[in-house]
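I have placed the structure first, in the form of structure tokens, so that the comments after it can refer back to it.
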Amino acid sequence: MTMEKPTITTPIGTSLVRGAQELERTARGVLPHRLPATARAQSNDPQVLMAESQPSGVRIAVRTSATGLELDTLRTRTTYAGVPPRPDGVIDLVVDGRVAGGAVTSGGNTVTIDMATGAVEQAQGPVCTTRFADLPEGLKAIELWLPHNEATELLELRTNAPVEPAPDTGRPVWLHHGSSISQGSNAARPTAIWPAIAARLGGVELVNRGFGGSALLDQFTARAMRDTAADLISVKIGINLVNSDVMRRRAFGSAVHGFLDTIRDGHPDVPLLVVSPIYCGIHEDTPGPGAFDLEAIAAGQVRFRATGDPAERAAGKLTLGVIREELDRIVRQRAADDPNLYLLDGTELYGEQDAVELPLPDALHPDAATHQLMGERFARLAFGPEGFFPATD
């Protein structure tokens, strides 16, 4: 079949992009952000700034009769000296709600960080053109899900028929916050991160605020969530607090209350689900900080280990077990005055027995099969007939 070459250029603006907090205008296009500029200005942590600029859950959403399209992007990858690089990102194609294909990204910029010295090297590369041809005839809804683990500057969208912003689906908006596990670390593609799977099965629109290494109960994150429209909210709390070793038990309880208070300032009655950590053997009873396993890296593998001492729990150091206990106590206390506050034990998404059958490949992050399992379980536990959230069609 001969397909007319995509020659119609459509400006990429907020009307075409879902899941982002804002778009930053660049010299060549726009860069999606998942935290607003006010929040970014309050963080001097490069990890936060890197994670929030990686567009997990962000997608271009249009309605069109085009049978071919091209998207020019410029990615920025972050790698670590001596550590095997992650696979290239993927841009997924979703047509009328069904995943219809994907294309691997290439080129772009690379930032290499030497963890031993702190030195940073940058290399520039070419623009990536992603092409999808032979799309179904007729008017249809198309979504292009951006890579969950690569900052992606959107340069130009070309089609062989006019496009318009996709209409509002009418589905509830689910706002979720968590760590790299929620951002999608080790997932194979952006539509296969566990929150995306859960949203698809649950019939909701995902706004993902999973930030790798950065679910640290920061008030600027809570304020951003307070100011984001949402019908359903969940916050997954725990793993980053342990492996970064940023606070003790006394500070943790107060920080959780403050985080939830801030969200409630903007969403006083929205169903709010607190999710405790999934099972992670290295940190169940051993505090952080976490670190790369240097022996594994020398063998060409990425693995993490806990460097704390279990005896330090008596001095208030956090473990995943401690955090689950505290979250259970806090949610029970608050729920007496907040009937729309709930708690989900993260081990119901991935527990000790699951770790035997589907071990975490790097001892910290789930693989593709586990993302699928967690997404299916969350959809059942949160959106199912007996779930925490109101039923959706």
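A few notes on this one:
- Between Arg25 and Val111, the FRET efficiency estimated from the beta carbon spacing at R0 = 30 angstrom works out to 0.90.
- Entry note, the chain: the mean residue ellipticity at 222 nm calculated from DSSP H runs of n ≥ 4, each adding -39500 (n - 2.57), is -6500 deg cm²/dmol after division by the residues and rounding to the nearest 500.
- Within-14-Å neighbourhood charge of Leu146 [Cβ basis; K, R +1; D, E -1]: -1
- Residues whose amide H falls under 5 Å from that of Ser234, counting only those 5 or more places apart or on a different chain, are Leu175, His176, His177, Leu273, with hydrogens built in the peptide plane.
- In segment 264-349, a dipole from Cβ-located charges (positive for Lys and Arg, negative for Asp and Glu) runs towards its positive end, and of Ile323, His283, Tyr342 it is His283 whose Cα lies farthest in that direction.
- Relative contact order of segment 89-223, pairs being alpha-carbon contacts under 8 Å that are 6 or more residues apart, as %: 23 percent
- Both the radius of gyration and Dmax for the chain are 20.9, 71 Å, in that order, over alpha-carbon atoms.
- Fraction of accessible area attributable to carbon and sulfur, segment 186-250 (%, probe 1.4 Å): 48 percent
- Phi to ³J(HN,Hα) by Karplus 6.51 cos²θ - 1.76 cosθ + 1.60 over segment 174-182, Hz, x for Gly, Pro: 9, 9, 10, 10, x, 9, 4, 5, 6
- Overall form of segment 174-274 per C-alpha gyration tensor (a/c, 1.5; a/b vs b/c): oblate
- In sequence order, calculated HN-Hα J values of segment 122-138 (Karplus, 6.51, -1.76, 1.60; Hz; x Gly/Pro): 10, 10, 9, x, x, 5, 9, 9, 9, 10, 10, 10, 6, 5, x, 5, x
- Gyration tensor (alpha-carbon) shape descriptor, segment 293-393, a/c threshold 1.5: oblate
- Averaging the sequence gap over all C-alpha pairs within less than 8 Å and six or more residues apart, then dividing by the number of residues, gives the chain a relative contact order of 17 percent.
- Peptides 73-79, 309-315 ordered by packing proxy, namely the average of other Cβ atoms within 10 Å per residue, highest first: 73-79, 309-315.
- Taking a ≥ b ≥ c as the square roots of the eigenvalues of the alpha-carbon gyration tensor, segment 36-111 is classed oblate because a/c is 1.5 or more while a/b is no larger than b/c.
The values are calculated or read from the model by the stated rules, or taken from the named source; none is laboratory data. Keep in mind that this is a model prediction, so the values were computed, not measured. Virtual Cβ from ideal backbone geometry, glycine too; neighbours counted across all protein chains shown. Protein only, heavy atoms only, side chains kept; ligands, DNA and RNA dropped before computing areas. Shrake-Rupley method; radii C 1.70, N 1.55, O 1.52, S 1.80 Å.
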